[in-house]
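Bear in mind that the values in this text are calculations on the coordinates, not laboratory data. Note that this is a predicted model, so its numbers are computed, not measured. Glycine gets a Cβ as well: all are built from the backbone with ideal geometry, and neighbour counts include every protein chain shown.
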Amino acid sequence: MNFDRKAVWSAAKGWLAAILVIIGCVVASAPVGAASFQPLEIVTKNGVQVFSVEMATTEEEKQTGLMYRKELPDGKGMLFDFNPEQEVSMWMKNTYVSLDMIFIRADGRILRIAENTEPLSTKIISSRGPARAVLEVVAGTAQKYGIRPGDRVGHPLFGSK
């Protein structure tokens, strides 16, 4: 049996190129953001609400946040770590899902909640005071669970849980 090595090599290179293109498309379509999920609790007067949050700790993760995502399930969110505590500004550029932004002090107390943010807006949303972190959850979450300024957030960022 005779093989034309050039023809076999040419076919192999073509298949390899096709596989690399497919892998690239799969990676490019994957959600951008932090990969690790952690539990977070908010203690309200109505009880304890538990969320599963992605951590945004690097500058790239904080800049990208929940951009380009088409949905955010109830009970999920993203926690942005802005250590040390500081005035924080957020926006909704390239963010398709309306969010509640929960600004949290270093002691784990909720400072402020920006509810039902406007998707795709470049309007600045300020913490209006020093915040250690921001929790982004789907719009309506704060109202649904009775989350209010002053409620306590349980997570290792705040020395608890």
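Quick notes
- Entries of Lys70/Lys144; Lys45/Lys123; Lys62/Lys123; Lys45/Lys93 with Cα pairs more than 23 Å apart: Lys45/Lys123; Lys45/Lys93
- Region 81-161: mean projected area of Cα convex hull, nm²: 4.9 nm²
- With the simple spin-label model, which puts each label point 7 Å out from Cα in the Cβ direction, the Asp81 to Ser36 separation comes to 0.7 nm.
- Per-residue 3J(HN,Hα) values for region 136-151, derived from phi via the Karplus relation 6.51 cos²θ - 1.76 cosθ + 1.60 with θ = phi - 60°, read 9, 9, 4, 3, x, 5, 4, 5, 4, 9, x, 7, 9, x, x, 5 Hz in sequence order (x marks Gly and Pro).
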